[in-house]
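Enquirer: Encoded as structure tokens, here's the structure I'll be asking about.
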Amino acid sequence: MTRARASDRSRPRAGPITGVSLLLALLLLPVAAAEDPLEARVLAAKSKVFPALVHIVNVEEGFMLGRRQKSVSTGSGFFIDAKGHVVTNYHVAGEGKMLVVTLASKREVEAKLVAGDPYTDLAVLQVDPADAFPDGTPVFATFGDSSRLEEGDFVMAMGSPLSLARSVSLGIISCRERTLDQLEVAGHETGRFNTWLQTDAAINPGNSGGPLVNLDGDVVGVNTRAALLANNIGFAIPSNVVRDVVEALLREGRVPRSDIGVKLQPLGALEHTLLASAEAGALVAAVDFGSPAARAGVRPGDVIIALDGEPFAARFEEQLPGLYARIARLEAGKEARLAVRRGAEALEVPVTPEPLGRGLGLESEAAAWGLTVRAITPRMRIEMGLPDDRGVLVTGVRVGSPAADKLEQGDVIREVDGAEVKGLTEFLEAMGKAKGPFARIAFRRGQVADVTVLRPLVPR
Amino acid sequence: MRGGFGGMRAFLLPLAFAAVVSADDLPVWLVRVTTERASFGSPSRQTLLAPALPVEEGLLLVVGFALEPSDDKDEALKVTALDPKGAVFPAEIVGGDEELHCTLFRLPGNKLDAVALEAAACAVGDEVVLLSRHGEVMRYAPRRGASRIDASVASPRPLLALEAEALAWQGAVVMTREGKLLGFVDNRPTVTEGTGIVLGLGAQTPVLVPASAFADVPRNLPRKDRPRGWLGVNLAPFDEDREAYFGVETPQDGALVTGVSEGSPADLAGVRLHDVIQSIGDLTLRFEKMEEWGPMLRAVQRLPLGKPLACRLLRFRQLPEGGYETAPVEVELTLEARPLDFADAPETELEDLGLKVKPATQDWRRSGRVPLDLEGVVVTRTEHASAAQIGGLAVNDLILKVDDKPVPDVDALRKAITDARAAKRTKIVFFVRRGQATLFLTVQPG
């Protein structure tokens with residue numbers, strides 16, 4: 001292997017040499033052994049994590065064009081304990097149905113999904129330890145402390161770029177607290193509660209879920225995203241976030257989070273304006289309709305300066321995820337105190353957080369009608385401006401099906417055969433009960449409350 | 001005017017015929033519409049030239065096409081009118097009627113001697129005079145032709161067949177040999193009963209549409225300067241599927257109400273969601289296919305405003321055992337003027353910020369699912385690299401407050417910005433609603 005850098009190559013000392021012989025000599029030079037301390041550390045770190053690295057092939061069910069469809073995707077992951085738990089991205093395997101993991105030894109073994117957290121784009125799988133570690137010696141990676149990273153620290157991205165398993169790339173931390181706006185993973189909001197590590201270690205599709213490793217061989221991040229049409233601008237979830245999320249997923253199968261229903265903005269941009277009524281705090285940009293904050297009387301334009309007595313401030317965008325994470329850690333149902341500055345007024349606002357539910361509802365297929373539908377969550381209601389969360393959202397209509405040209409994506413089915421559809425369960429029940437030559441459907445399309453009938457292609 | 005085309009008459013008309021026509025011509029004008037738009041870097045120009053008849057309300061009527069004033073910013077539109085003496089006047093499009101295939105033009109500051117839109121008596125076999133444009137004239141230059149009424153299917157609406165090529169005579173004014181108005185040539189391929197014209201003879205066959213068919217157009221054409229009738233409902237076709245939904249077995253006229261705006265004429269009259277409106281006054285609503293939407297909408301818009309009209313409804317009541325019971329209901333409905341549409345709302349430019357805005361009209365709020373009681377001004381454009389764009393304002397943002405002052409309308413927005421500048425504030429804070437959330441933006445005026 002060619003490990004030496006050109007500058008380190010030793011040169012022959014003897015006598016004058018011609019150009020041709022110099023070239024020949026250079027081509028035939030023996031390669032120096034790894035003496036560079038950096039290279040030695042890279043090799044050591046690689047050797048520590050590589051055996052725990054896995055390539056993941058995921059067969060998942062999705063819903064496209066009005067029908068349930070299977071698709072195959074690949075990604076990366078790594079063992080984190082002797083029980084065979086594997087950490088990867090939610091978008092790699094968080095909704096997986098059949099998971100096959102290729103170990104560092106190139107053996108293929110089955111894995112099952114333990115739990116996933118779309119808000120941080122993380123998922124945990126498990127491989128039977130007997131399959132994962134057939135020789136009885138567990139190999140797994142350990143997490144480092146991502147808060148100690150600095151821009152310029154060397155890191156390695158490991159995984160399966162373009163399905164090229166067991167690949168390593170080397171780079172540095174380009175920025176240790178990047179915020180990315182408006183991110184979604186499989187339709188779920190992601191990234192509200194964490195900043196991202198930016199690295200120039202090459203990350204390509206397929207690297208997702210793989211470890212970002214420091215030169216001590218500790219996992220400092222999970223490679224998750226890369227900027228398209230850019231040169232090595234990749235993003236990883238910091239290991240401190242990963243560790244907390246994984247612990248929660250293993251402990252209770254989900255990450256308990258609370259919400260009070262506010263969107264925050266940093267105060268920095270508002271310095272020297274009429275609104276800058278507080279020196280430090282976080283500006284309330286929006287209050288969700290019907291949320292705990294709305295009930296408590298919090299208004300857009302308020303500046304929150306403390307939460308439960310602790311300072312609460314964001315001057316820059318990068319500080320917001322930390323504030324959202326603090327709100328998420330509040331105990332649902334237990335009153336919290338917001339210190340708020342409203343113009344010249346200082347207010348103490350008690351607010352009772354609610355559990356933060358799923359962003360997206362579950363999806364299902366109504367095959368007889370040629371439809372796919374999704375349960376409507378409170379978050380979807382707010383973001384879609386729906387009057388309430390009753391009904392099911394049409395997510396796709398199959399061409400040539402009974403629903404074609406009658407219903408369309410975005411419609412909300414409110415009644416089936418006169419029975420109110422409260423949610424997905426009621427919809428599927430009503431569909432099962434529908435008798436007669438056609439089913440009567442009442443639906444909303446934007447502001448319009450329309451009706452239609454669906455005639456199954458095969459008479460019932 | 002007669003002297004203007006005497007020579008041409010001798011060329012085109014049989015001599016015996018010409019002597020009669022020269023007696024008393026109609027004051028036929030010409031209208032020229034030139035549109036110019038950039039196409040792949042070079043301007044593309046189109047010209048329409050048509051004979052026009054001065055009608056009541058100081059307007060010019062052109063048959064053969066329906067034009068609306070253009071909202072397209074990339075399109076340059078030039079409209080001129082030439083009087084029978086060849087004098088050129090600037091003109092503007094008032095509006096078009098797709099159904100009757102005609103357009104009205106206005107000459108700002110000009111009063112015209114109106115020709116009554118009445119059709120003189122005529123019969124099959126009568127010889128008639130056609131008066132149309134002549135080529136791409138730069139000055140007033142009509143041409144004339146003669147033909148004969150070939151058939152009459154349903155008197156008094158005669159059909160005219162011409163030996164001349166149909167397209168050349170599209171829109172021509174048709175007169176009797178004595179110079180009395182008969183109507184217009186329109187070779188629309190699809191001609192339907194009940195629209196003032198009785199069936200067509202097929203594509204490219206010129207049909208004489210009697211002048212009386214256009215009699216109400218000047219008064220009733222939906223125009224930006226004339227209020228249109230407004231019900232305040234969303235309507236869907238009452239088709240086979242919707243009839244089946246409510247268990248209606250015999251096909252019924254009418255349109256299904258799928259939304260009622262609060263406080264609208266329909267709401268005040270007691271029209272409810274999922275009623276079927278069958279008639280309003282003398283107008284029977286037929287809406288079974290989407291193609292019928294336009295004609296129905298225009299017919300409703302032409303109904304008289306401010307006058308109570310009997311409105312016949314079908315109302316459904318859900319039965320406990322399932323299914324629906326149908327009952328006819330009559331309510332009294334008084335149409336109001338249609339509120340300003342977002343498309344028609346005036347756009348204001350705040351040049352120093354590089355920002356264009358419009359008032360938040362009701363239709364804009366409804367389409368954006370914005371509560372009707374939320375007052376603000378809508379961003380319609382931000383200039384490239386302007387203070388507004390750099391500050392993050394985006395098209396469709398609803399500006400609610402500026403520097404913490406509510407801006408319910410464009411004047412309030414203008415005043416808030418003027419105040420901020422007068423106070424020498426370097427940053428102006430905009431509070432906007434974007435989608436379903438709100439946010440603060442800071443704009444630094446240049």
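Every read-out reported here was derived from the displayed coordinates using simple, explicitly stated rules and does not represent laboratory data. No experiment lies behind these values; they were computed from the predicted model shown. With ideal geometry, Cβ positions are generated from the backbone for all residues, glycine too; neighbour counts draw on all protein chains shown.
Enquirer: Take the Cα pairs of the stretch A:36-256, get the Kirkwood Rh, then feed it into Stokes-Einstein at 37 °C and 0.692 mPa s and tell me D in µm²/s. Can you show the working numbers first?
Expert: Values: Rh = 17.0 Å.
It comes out at roughly 193 µm²/s.
Enquirer: Please identify which residues in the stretch A:75-111 have an amide N closer than 20 Å to a label point set 7 Å out from the Cα of residue A:128, following the Cα→Cβ vector.
Expert: The answer is A:79-87, A:97-111, whose backbone nitrogens lie closer than 20 Å to the label point.
Enquirer: Still on this model: Across 5 Å bins from the origin, how do the percents of Cα pairs in the stretch A:152-305 run, short distances first?
Expert: With a bin width of 5 Å, the distribution comes to 2, 9, 14, 16, 15, 14, 12, 9, 7, 3, 1, 0.
Enquirer: Can you work out the FRET efficiency for the pair residue B:329 and residue A:457, with r the C-beta to C-beta distance and R0 = 51 Å, to the nearest 0.05? Don't jump to the answer; show the numbers that get you there.
Expert: Working: r = 37 Å, r/R0 = 0.73.
The calculated FRET efficiency here is 0.85.
Enquirer: On to the next question. Counting helices only, and only those DSSP H runs with n ≥ 4, report the 222 nm mean residue ellipticity of the protein assembly as shown as the sum of -39,500 (n - 2.57) divided by its residues, in deg cm²/dmol to the nearest 500.
Expert: Rounded to the nearest 500, it is -4000 deg cm²/dmol.
Enquirer: A follow-up question, please. Scan the stretch B:245-294 for trypsin sites (Lys or Arg not before Pro) in coil per DSSP, keeping those whose Cβ has at most 16 other Cβ atoms within 10 Å, and list them by number. It would help to have the intermediate numbers written out before the result.
Expert: Numbers: sites: B:272, B:286, B:289; in loops: B:272, B:289.
Qualifying residues, ordered by number: B:272, B:289.
Enquirer: Treat each spin label as a single point 7 Å out from the Cα along the C-beta direction, and report the residue B:77 to residue B:291 distance in nm.
Expert: About 2.7 nm separates the two model spin labels.
Enquirer: Between the stretch A:411-425 and the stretch A:248-264, what's the alpha-carbon centroid distance in Å?
Expert: After rounding, the separation between the Cα centres reads 29 Å.
Enquirer: Please turn the phi angles of the stretch B:418-427 into ³J(HN,Hα) values with the Karplus equation 6.51 cos²θ - 1.76 cosθ + 1.60 (θ = phi - 60°), one per residue in order, whole Hz, x for glycine and proline.
Expert: 4, 4, 4, 5, 5, 7, 6, 7, 7, 10
Enquirer: Checking the a/c ratio against 1.5 first, then a/b against b/c, what shape does the Cα gyration tensor give for the stretch A:61-160? Can you show the working numbers first?
Expert: Working: a/c = 2.13, a/b = 1.24, b/c = 1.73.
Because a/c hits 1.5 or more and a/b fails to exceed b/c, the stretch A:61-160 counts as oblate.
Enquirer: Sticking with this structure for a sec: I'd like the antiparallel share, as a percent to the nearest 5, of DSSP beta bridges with both residues in the protein assembly as shown. The partial results should precede the final answer.
Expert: Working: 211 of 213 bridges.
The antiparallel fraction comes to roughly 100 percent.
Enquirer: Hey, any idea what Rg/Rh is for chain A, computing Rh the Kirkwood way over Cα pairs?
Expert: Over the Cα atoms of chain A, Rg/Rh equals 1.08.
Enquirer: Which residues in the stretch A:129-155 have a backbone N closer than 19 Å to a point placed 7 Å from the Cα of residue A:36 along the Cα-to-Cβ line?
Expert: A:152-155
Enquirer: Specify whether the C-alpha gyration tensor of the protein assembly as shown places it in the rounded, prolate or oblate class, a ≥ b ≥ c being the square roots of the eigenvalues: rounded for a/c under 1.5, otherwise prolate if a/b is larger than b/c and oblate if not.
Expert: Verdict is prolate for the protein assembly as shown.
Enquirer: Evaluate the charge dipole of the stretch A:65-143 about its Cα centre and quote only its size in Debye, nearest 20, assuming +1 on the Cβ of each Lys and Arg and -1 on the Cβ of each Asp and Glu.
Expert: 380 debye
Enquirer: Still on this structure, I have one more. Sorted from fewest to most neighbouring beta carbons within 10 Å, what does the list B:316, A:154, A:235 look like?
Expert: Values: B:316 20, A:154 17, A:235 24.
Going from sparsest to densest Cβ surroundings: A:154, B:316, A:235.
Enquirer: Still on this structure: Could you list which residues have their amide H under 5 Å from that of residue B:260, counting only those 5 or more apart in sequence or on another chain, with H placed in the peptide plane?
Expert: For residue B:260, the qualifying residues are B:234.
Enquirer: A follow-up question, please. Could you list A:426, B:262 in order of exposure, starting from the residue whose Cβ has the fewest other Cβ atoms within 10 Å?
Expert: With the sparsest Cβ surroundings first, the list reads B:262, A:426.
Enquirer: Hey, another quick one. Which whole-number percent gives the relative contact order of the stretch A:140-211, counting Cα pairs below 8 Å spaced six or more residues apart?
Expert: 36 percent
Enquirer: Ok, one more. Straight-line reach from residue B:85: which lysines have a Cα under 29 Å away, not including same-chain ones fewer than 8 places off?
Expert: Correct list for residue B:85: B:111, B:180.
Enquirer: Taking the Cβ-Cβ separation of residue B:121 and residue B:44 as r and a Förster radius of 30 Å, what is the calculated FRET efficiency to the nearest 0.05?
Expert: So the FRET efficiency works out to roughly 0.05.
Enquirer: Going by amide H atoms built from the backbone, whose H comes under 5 Å of the H on residue A:257, apart from near neighbours?
Expert: Answer set, sorted by chain and number: A:356.
Enquirer: Using the alpha carbon gyration tensor of the stretch A:296-411, what are the three equivalent-ellipsoid semi-axes (square root of 5 times each eigenvalue), largest first, in whole Å? Write out the running numbers ahead of the final one.
Expert: Values: eigenvalues 347, 38, 34 Å².
Here the semi-axes work out to 42, 14, 13 Å.
Enquirer: Turning to a different aspect of this structure: For residue A:229 paired with residue B:68, estimate the spin-label separation in nm (one decimal), with each label point 7 Å from Cα along the Cα-to-Cβ line.
Expert: 3.5 nm
Enquirer: Quickly work out the residue B:136-to-residue A:384 label distance, labels modelled 7 Å from Cα along the C-beta direction, and quote it in nm with one decimal.
Expert: Reported label-point gap for residue A:384 and residue B:136 is 5.4 nm.
Enquirer: Taking square-rooted eigenvalues a ≥ b ≥ c of the alpha carbon gyration tensor, is the stretch A:258-355 rounded, prolate or oblate, where a/c under 1.5 means rounded and, failing that, a/b exceeding b/c means prolate?
Expert: Here the stretch A:258-355 falls in the prolate category.
Enquirer: Sort A:46, A:406 so the one with the fewest other Cβ atoms within 10 Å of its own Cβ comes first.
Expert: In order of increasing Cβ crowding within 10 Å: A:46, A:406.
Enquirer: Mind jotting down the distance between the C-alpha centroids of the stretch B:250-310 and the stretch A:63-78, whole Å?
Expert: The stretch A:63-78 and the stretch B:250-310 have Cα centres separated by 48 Å.
Enquirer: For the stretch B:419-446 and the stretch B:75-130, write down the distance between their C-alpha centroids in whole Å.
Expert: Centre-to-centre (Cα) distance: 50 Å.
Enquirer: Further question on the same structure: Report the FRET efficiency, 1/(1 + (r/R0)^6), for residue A:433 and residue A:310, where r is their Cβ-Cβ distance and R0 is 51 Å, rounded to 0.05.
Expert: Working: r = 54 Å, r/R0 = 1.05.
Approximately 0.40, to the nearest 0.05.
Enquirer: Mind listing the long-range amide H neighbours of residue B:114? Cut-off is under 5 Å, sequence gap 5 or more, other chains count too, H placed in the peptide plane at 1.01 Å from N.
Expert: none
Enquirer: Find which of A:133, A:220, A:119 sits farthest along the positive direction of the dipole of chain A, computed with +1 on the beta-carbon of Lys and Arg, -1 on that of Asp and Glu, about the Cα centre.
Expert: The residue sitting farthest along the positive end of the dipole is A:133.
Enquirer: Another question about this same structure. Once phi is turned into θ = phi - 60°, what whole-Hz ³J(HN,Hα) does the Karplus curve with 6.51, -1.76 and 1.60 give for every residue of the stretch A:295-300, x standing for Gly and Pro?
Expert: 5, 7, x, 5, 10, x
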